[in-house]
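Undergrad: Dropping a structure here in structure tokens format, bear with me for questions.
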Amino acid sequence: MDTVLIVEDERPVRQYLKKLIRESGVPVKAVLECGDGLSALELVGKYHVDAMFTGIGMPGMDGLELVSRVHELPEPPMTVVITDSDDLRHVVEMMRAGALEYVLKPIEPERMTAILRTLEDKAAQAKHRGRMLDLLTMRMVFSFLLDQRPSPDEASLLRELYEPLLAETGYAVCLCQGGVPIRETDKLLLHRQSPEETLCILAERDIGPFLRSELPAEAAGVSAVHHTTDELSAAHREALAAREAAFCRCRHALCPLPEEEPLTLDAERLLTGQARSQRLQLLGTKKSGELSDRWEELLLAAARGQVPPGRLFEELRAFSQGVQEVYSGSLDSGDLQALELCARPLTFRSLDEFGQYFMVWLLAFHDKLTARLEFNRNQARIAQAIEYMQEHYAEDLNMAVVSNYISMNYSLFSHLFKLQTGQSFVNYLKQMRIRQAQRLLADTDMKVVDVSHRVGYVNEKNFMKIFKALCGVSPSEYRRNMQDVG
């Protein structure tokens, strides 16, 4: 910013504010100061002032009159009210006259920096504020009404300040996908964005032009026309219902909405507990086609208006919760994000957009589950094979016999066995037999040839060769060593 003006009748306060501005880190070329409203009005008329900080009670011309007079000029400065009072009426009157923001004494450096950065951003966007009620004041008030329940006194004050404008113009609430870029236009009484939704409040005459110029490709929901602040919450609920309908229809929906038709038998079938359970339980099975068909059937019914939006959203939330409960061990961060979006479908522009995203994720997650479940089944089958080997290692055992026992393809068995044990079947069997031979040599007086036969080796020389290769000594030397240790 080029110039900031401080209007305050107490000199120490002016000096403190000047120091805060200089140390804020926000570039300001010049800081002007004066002690009364008349001098401030003269300075604003003489110089281009980007922002003005002013107190309320001052000699000659108070802050309210100063703000009113200043905002009659072609290029009024952005104004911040400095006050040690938390009286909402005084603050709102100043803001109604054109002030942008207010700050309570004592002002913290961080607060001053935040305000200056806001002013800097606003100065880069626009300098004209020609409306009777400042746009940002309207935003503050309506956001408060939408997010919180005002007290009776506050509600009364808000009606007093804004009812005349709303009654004259009429207004509607418009909702669409969160994050939709909206240009600053004089058609907007309010513009507020969140990840969940983009909210606009429009004058009745501007609804159609705004939808055509700013939201032509969006599926927006628009409330009926209202005229009082007391009806704002109801208008928001109407807009939300219209947004849900627009989401499913993939086009704008305006209240009043047509009454919902009774569910058909086909639609009722899609919404039963059994249908909900099947859509969950089909995950991870070999019925990927049936899983896809069940979901596409539900989404298509919602798009055709056969399933109400609320019921569709209920099914999606139930599915998201069910997946997190049943398959918690298989979910990665990407899956959790997808399930969160599944429970909040209105973050997407339309059902078409959501359906494409959802089906891609669903089938990818299904494939991942299928692979994991198959892997677990194969692990169990290899464990069964090893158990069979432990019971039959003394017999004429080979990989064909064992793979046939667990009904697995020979090549697949070879691959999975090595993958799970880290060894080939032949080496694993050798080690299993030699471990048993070590136990017999250490704990019994059996002859080496008998030990050889007992662990599955018909050829004694072959047994001794394998034993020495694995243990480093012959069977007889191993027995002597074990006896010496004992």
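Undergrad: For a quick check of your reading: which helices (runs of 4 or more DSSP H) sit entirely within region 1-114 and have at least 1 residues that are under 25 Å from L158 (Cβ atoms) and at pLDDT below 90?
TA: Ranges flagged: 63-70, 88-96.
Undergrad: Being among the charged types (D, E, K, R), closer than 15 Å to I107 by Cα and under 47 Å from the mean Cα position of the chain (by Cα), is that true of even one residue in region 52-68?
TA: Within region 52-68, not a single residue is among the charged types (D, E, K, R), closer than 15 Å to I107 by Cα and under 47 Å from the mean Cα position of the chain (by Cα).
Undergrad: Might you let me know whether region 367-388 holds any residue that is surrounded by 13 or more Cβ atoms within 10 Å (Cβ to Cβ), touching an Asp or Glu at 6+ places or on another chain (Cβ under 9 Å) and assigned by TED's automatic domain parsing to the domain that holds R279?
TA: Scanning region 367-388, I find at least one residue that is surrounded by 13 or more Cβ atoms within 10 Å (Cβ to Cβ), touching an Asp or Glu at 6+ places or on another chain (Cβ under 9 Å) and assigned by TED's automatic domain parsing to the domain that holds R279, so the answer is yes.
Undergrad: Turning to a different aspect of this structure: When you look at L341, is it among the aliphatic types (A, V, I, L, M), in a helix (DSSP H, G or I) and not assigned by TED's automatic domain parsing to the domain that holds C248, yes or no?
TA: Judged against the criteria, L341 is a match.
Undergrad: Take the conditions among the aliphatic types (A, V, I, L, M), closer than 30 Å to A220 by Cβ, in contact with a helix residue (DSSP H, G or I) (Cβ under 8 Å, 6 or more places away or on another chain) and surrounded by 15 or more Cβ atoms within 10 Å (Cβ to Cβ) and apply them to A343. Does it pass?
TA: The answer is yes for A343.
Undergrad: Sticking with this one: Residue by residue through region 311-332, note down the ones that are surrounded by fewer than 16 Cβ atoms within 10 Å (Cβ to Cβ) and either over 14 Å from A364 (Cβ atoms) or at pLDDT 95 or above (or both).
TA: E314, R317, Q321, Q324, E325, V326, S328, G329
Undergrad: Can you tell me which residue within region 266-301, out of those that are exposed (fewer than 13 other Cβ atoms within 10 Å of the Cβ) and part of a loop (DSSP other than H, G, I, E, B), is farthest from the chain's Cα centre (by Cα)?
TA: In this case the residue turns out to be K286.
Undergrad: Checking V307 against (1) of a type in the set (A, V, I, L, M, F, W, C); (2) assigned to a loop (DSSP other than H, G, I, E, B); (3) free of Cβ contacts under 8 Å to residues at least 40 places away in the same chain, which test does it fail?
TA: Every condition holds for V307 apart from (3).
Undergrad: Collect the residues in region 1-55 that are hydrophobic (A, V, I, L, M, F, W, C) and loosely packed, with under 13 Cβ neighbours inside 10 Å, keeping them in residue-number order.
TA: A30
Undergrad: Looking at the structure I just gave you, is L145 in a helix (DSSP H, G or I) and modelled with pLDDT of 85 or more?
TA: Against the criterion (in a helix (DSSP H, G or I) and modelled with pLDDT of 85 or more), L145 does not qualify.
Undergrad: If we only count helices (runs of 4 or more DSSP H) wholly inside region 394-453, which ones have 2 or more residues that are surrounded by fewer than 15 Cβ atoms within 10 Å (Cβ to Cβ) and charged (D, E, K, R)?
TA: 425-443
Undergrad: Additional query: Quick one: A380 ticks every box in (1) among the aliphatic types (A, V, I, L, M); (2) at pLDDT 95 or above; (3) more than 20 Å from P195 (Cβ to Cβ) bar one, so which box is it?
TA: (2)
The values are calculated or read from the model by the stated rules, or taken from the named source; none is laboratory data. Note that the structure is predicted; figures quoted are calculated from it, not measured. Reconstructed Cβ throughout: ideal geometry from the backbone, glycine too, with neighbour counts over all protein chains shown.
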